[in-house]
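This report concerns only the one structure given below.
The values are calculated or read from the model by the stated rules, or taken from the named source; none is laboratory data. A quick note: this is a predicted structure, and the numbers were derived from the prediction, not measured. Reconstructed Cβ throughout: ideal geometry from the backbone, glycine too, with neighbour counts over all protein chains shown. Each accessible area value is taken on the protein alone, full model and side chains, heavy atoms only, with ligands, DNA and RNA left out. Shrake-Rupley method; radii C 1.70, N 1.55, O 1.52, S 1.80 Å.
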Amino acid sequence: MSRQFRGLIFISVLVALSAAILFIPRLDIGGFARGNEDSVFGLSLGLDLQGGTHLVYRVETEDGEPPTAEDMEGVRRIIESRVNQFGVSEPTVQLLGTPPDRILVQMPGLRGASITAMFSGNTVSQDGFEQFFVEELGREDAAVTQDVRENQLVLIAQLDSLEPPDLDENGNVVTPGDAERYRQAAKEHFPVTMGILFAPEPVEDPDATPTPEPDGTATPEPGPTATPDPEEPEPTATPEPETTVPSIEDVRQVFANIGRDEVEIEELDEGFYQVTLFNLEEAGFDEEGNPIPSEVDRIREGLEEVGDLAGLEPFGRIVQWTPGGGVEEAKALIGSTAQLEFRERVCAPVSPPSPDVEWPPDGLTQDQWAAERCNNPEYYTEQATDIDPDNLEDAFASVNESGQPIVTIVFDNEGADAFFRVTDRISRTGDLLAIYLDGQELVAPRVDPDIGGIAGGRAIISGQDFTPERARTISIQLRSGSLPVSLELLQERSVDALLGETSLRRSLVAGGVGLALLLLFVVSYYKVPGVVAATSLIVYTLMLLAVFKLIPVTLTLAGAAAVILSLGLAVDANILIAERTKEELRSGRGLLAAINHGFSRAWPSIRDGNISTIIVAFVLFWFGDRFGTSIMQGFALTLVVGVLLSMFTAFFVSRVLLRLVAASPIGRRSGLFVPVEDVAAPESAVGSQA
């Protein structure tokens with residue numbers, strides 16, 4: 001019995017964890033990030049549910065030799081890092097073929113054009129921005145995603161197309177394009193809220209005696225301190241001087257002077273006002289080329305004339321509005337050559353530059369300074385070197401004599417000379433050689449001062465944090481950064497969302513209703529085994545969606561079909577168990593023995609049927625990988641996960657629950673464990689225990 005309770009506790013923990021994973025849209029624990037706040041349960045949605053762009057590239061080398069698997073992995077990493085720059089939700093970049101020679105790039109939500117917007121103060125939400133495009137501008141094709149850059153919310157509106165501006169022969173704009181028209185509409189739609197704060201100023205008393213000016217005479221030396229007479233009255237305290245701040249009418253007049261009579265002004269506190277206005281004008285030039293100050297500058301100037309302005313902050317102002325080429329821009333970035341750079345990193349000095357300077361700076365300790373002086377961009381500087389990335393011939397992972405993972409790099413003759421000059425210089429200064437790929441730092445090694453300049457064009461890079469995986473990754477990235485490959489676009493297609501967000505939610509509701517009807521039938525026909533089967537299916541559904549979110553599995557329409565199929569297999573497994581248990585009861589076995597034998601008899605059928613399905617799924621996955629059919633791969637992967645999980649819930653969850661119920665007082669009521677037509681089975685056949 002205790003074993004069954006332990007099993008029940010284990011199942012309860014799995015259910016609680018699965019529910020927590022699903023109902024927290026975005027998981028971020030120790031760098032492990034999963035989920036998407038923009039989709040149902042944070043699941044990753046594929047192109048057919050979200051729409052986007054599908055690209056297939058072939059990788060070709062200059063010498064005509066097929067690329068190796070490691071070369072392909074390096075190119076895949078580079079493309080993946082570039083695709084992530086678009087703020088696309090859950091892009092897919094994977095290798096195709098055996099051996100791989102093609103790369104599949106799927107970018108959900110990416111359309112033919114885009115507008116990247118940033119508002120000061122993060123006052124505009126993703127939903128509000130998308131509603132603006134759909135309802136105000138009539139762009140039903142708009143799909144808005146969001147990103148965070150330097151702690152600032154960035155909104156990206158993906159559109160099918162943007163009309164360019166009409167230009168005359170001299171290049172002057174005759175009719176603004178869509179991007180500029182939408183920008184002007186956004187300024188008129190989204191309000192700008194200004195926070196205005198005045199510092200209190202003392203009120204001058206006309207009756208106050210003016211303080212005499214010093215006459216230049218010497219101040220007498222202080223003498224003994226006089227003691228006050230206790231019989232004299234205590235002197236009264238000097239009253240606090242009165243202060244004043246500009247009134248709300250003063251502020252309103254400032255805005256009226258620049259033609260802003262329509263603004264809304266609210267006094268939040270003494271000297272603290274909130275002003276709401278639309279269509280804030282920016283700085284520009286008049287017809288003669290003279291600069292025109294921005295409206296914020298003119299407001300600030302007027303407020304400074306009426307009081308001591310302590311703060312002026314506009315929230316909701318458009319600080320970035322950049323139209324992009326969408327798919328074309330993505331294709332240009334994906335197909336560009338990887339940029340490998342070797343930079344000399346000049347670390348901050350160990351000792352102070354002069355005796356009167358506090359060192360280390362910023363209150364750091366000596367240990368902290370030793371770690372920060374070469375690793376914190378605030379303290380070091382970098383300069384280019386004459387090492388040409390084209391001179392890097394090879395890079396590979398290996399181990400040294402002590403078994404520590406290292407990366408070996410090899411240069412040609414010209415690169416070897418440049419590498420020697422740079423390493424000889426930094427070995428004497430203690431600086432670093434920083435290696436970057438597409439602007440991202442790969443590694444920044446030191447040079448042993450006892451060795452000096454490294455000659456021969458061959459060197460090793462090691463580090464305390466090096467693992468075999470990290471050494472291999474760095475070697476792949478170094479080699480792919482200088483790999484002379486080209487990408488040929490084989491296939492490009494824009495995929496429309498076959499099932500939009502509204503339809504998706506309705507389909508989920510319909511699926512939930514269908515599942516509820518199925519469970520109702522199972523419970524009404526099989527009674528207690530039906531209740532156990534229904535509970536097992538609910539557990540299965542929660543765990544399956546949680547696993548999809550954690551792996552993560554990108555859910556497509558084909559994947560949804562695989563989920564439904566695996567759900568049917570789970571139902572079938574529970575029906576087999578219930579039927580075999582019924583047969584054992586009719587043969588005269590006791591309830592617990594009937595349950596055990598029922599599971600034993602049903603398991604071979606469940607196992608063989610599910611293994612056959614898994615084999616078919618692996619075949620589908622292989623064909624999908626071979627011919628670049630990602631839909632087939634997604635269906636196969638989803639089906640395998642669902643079938644494996646259905647086997648676990650059918651054999652473990654259902655078994656534990658049935659045994660617990662059979663051992664409870666419910667187990668004494670035989671009519672609750674046989675289907676409707678078998679209620680008349682002999683009592684003795686059910687009630688006896690084996």
Counting only protein heavy atoms, what percent of the accessible surface of segment 512-588 is carbon or sulfur at a 1.4 Å probe? 76 percent
For I454, what residues show an amide H to amide H distance below 5 Å, using hydrogens built from the backbone and excluding near sequence neighbours? T423, D424
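FRET efficiency for Q320 and S462, Cβ-Cβ distance as r, R0 = 45 Å, nearest 0.05?
Values: r = 42 Å, r/R0 = 0.94.
Efficiency for this residue pair is about 0.60.
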Provide the solvent-accessible area of L437, counting protein heavy atoms only and rolling a 1.4 Å probe, rounded to the nearest 10 Å². 10 Å²
Looks like segment 338-389, by Cα gyration tensor root eigenvalues a ≥ b ≥ c and the a/c under 1.5 rounded cutoff (else prolate when a/b is bigger than b/c, oblate otherwise), is prolate
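Between D362 and E80, what's the calculated FRET efficiency when r is the beta-carbon distance and R0 is 41 Å? Round to 0.05. Provide the component values of the computation, followed by the final result.
Values: r = 36 Å, r/R0 = 0.88.
FRET efficiency, D362 to E80: 0.70.
On full extension of the chain, what length is gained from E304 through L518, given 0.36 nm per residue of separation minus the C-alpha to C-alpha distance? Could the numbers behind the result be given before it?
On the way: separation 214, 0.36 × 214 = 77.04 nm, distance 7.24 nm.
Net length gain for the segment: 69.8 nm.
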F599, F420, reordered so the largest accessible area comes first (probe 1.4 Å): F420, F599
Estimated FRET transfer efficiency (L17, R181; beta-carbon r; R0 60 Å; 0.05): 0.75
Non-local residues with an amide H under 5 Å from the amide H of E382, with H modelled 1.01 Å from N and Pro and chain starts lacking one, are V346
For segment 310-464, which whole-number percentage of the solvent-accessible area (1.4 Å probe, protein heavy atoms only) is attributable to carbon and sulfur atoms? 47 percent
With every protein chain kept in place and ligands, DNA and RNA left out, what is the accessible area per residue of segment 525-653? Probe 1.4 Å, answer in Å². 39 Å²
